[in-house]
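Student: Okay, handing you the structure first.
Any read-out appearing in this document is the output of simple, stated calculations on the displayed coordinates, not a laboratory observation. Quick caveat, the model's predicted, so the values are computed rather than measured. Note that we place each Cβ from the backbone using ideal geometry, even for glycine, and neighbour counts take in every protein chain shown.
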Amino acid sequence: MKKSGYVVWLTATPEAIFDRVKDSTERPLLNGNMRVDFIRDLMESRREKYEAAADICIDTTEKDIVEICEELLQKLSSLQNTK
C-alpha cells in the first residue's frame, strides 16, 4: 500500500466504535460479540501492525466528517512538506 500512496489509520475508542456499529449485522467478527470489551481486545491485538503500517493516524472519536477531513488534509500537507 505504501508504494501507491499514504496509509491512513482511522481509529476511535472502543466505546465510540461500539456506538457506531451496535445495530449493524454487517460486521462478521462482531456478530455474536457486540461488546465493548471484545472490540477493545480486538483493537489491541491489531494495534502494533496498524501502527507499523500507518503513515497517518487520526482518532475519529467525537469528530464529524469535516473535522476528520481537515485533520487529514493538514497531516497530508505536513508529510508533503517534509519530502
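Student: List the residues whose amide H sits under 5 Å from the amide H of residue 60, counting only those 5 or more places along or on another chain, with H placed 1.01 Å from N in the peptide plane.
Tutor: Sorted by chain and number, the residues that satisfy this are 11, 12.
Student: Next question. Please go through the stretch 1-73 and write out the trypsin sites (Lys or Arg not before Pro) that DSSP classes as loop and that have at most 10 other C-beta atoms within 10 Å. Spell out each step's value before the answer.
Tutor: On the way: sites: 2, 3, 20, 22, 35, 40, 46, 47, 49, 63; in loops: 2, 3, 22, 35, 63.
Within the stretch 1-73, the qualifying trypsin sites (Lys or Arg not before Pro) (loop, at most 10 other Cβ atoms within 10 Å) are 2, 3.
Student: From the C-alpha gyration tensor of the chain, pull out the three semi-axes of the equivalent ellipsoid (sqrt of 5λ each), sorted largest to smallest, in whole Å.
Tutor: 27, 15, 10
Student: Using the structure shown, select from 2/75; 2/63; 2/49 the pairs with a Cα to Cα distance greater than 19 angstrom. If you can, show how the numbers build up before the last one.
Tutor: Working: 2/75 16 Å; 2/63 26 Å; 2/49 14 Å.
Over 19 Å apart, Cα to Cα: 2/63.
Student: Continuing with the same structure: Mind jotting down the distance between the C-alpha centroids of the stretch 1-23 and the stretch 49-83, whole Å?
Tutor: What the calculation gives is 11 Å, centre to centre.
Student: Relative to the longest principal Cα axis of the chain, at what angle does helix 36-53 sit, 0 to 90 degrees, rounded to 10?
Tutor: Roughly 20 degrees, rounded to the nearest 10.
Student: Expressed as a rounded percentage, what relative contact order does the stretch 1-60 have, with Cα pairs under 8 Å and six or more residues apart?
Tutor: Details: 47 pairs, mean separation 36.3, N = 60.
With pairs under 8 Å counted, the relative contact order is 60 percent.
Student: Write out the GluC sites (Glu not before Pro) in the stretch 20-77 meeting two conditions: DSSP loop, and at most 13 other Cβ atoms within 10 Å of their Cβ. It would help to have the intermediate numbers written out before the result.
Tutor: Numbers: sites: 26, 44, 48, 51, 62, 67, 70, 71; in loops: 26, 62.
Of the GluC sites (Glu not before Pro), the ones in loops of the stretch 20-77 whose Cβ has at most 13 other Cβ atoms within 10 Å are 26, 62.
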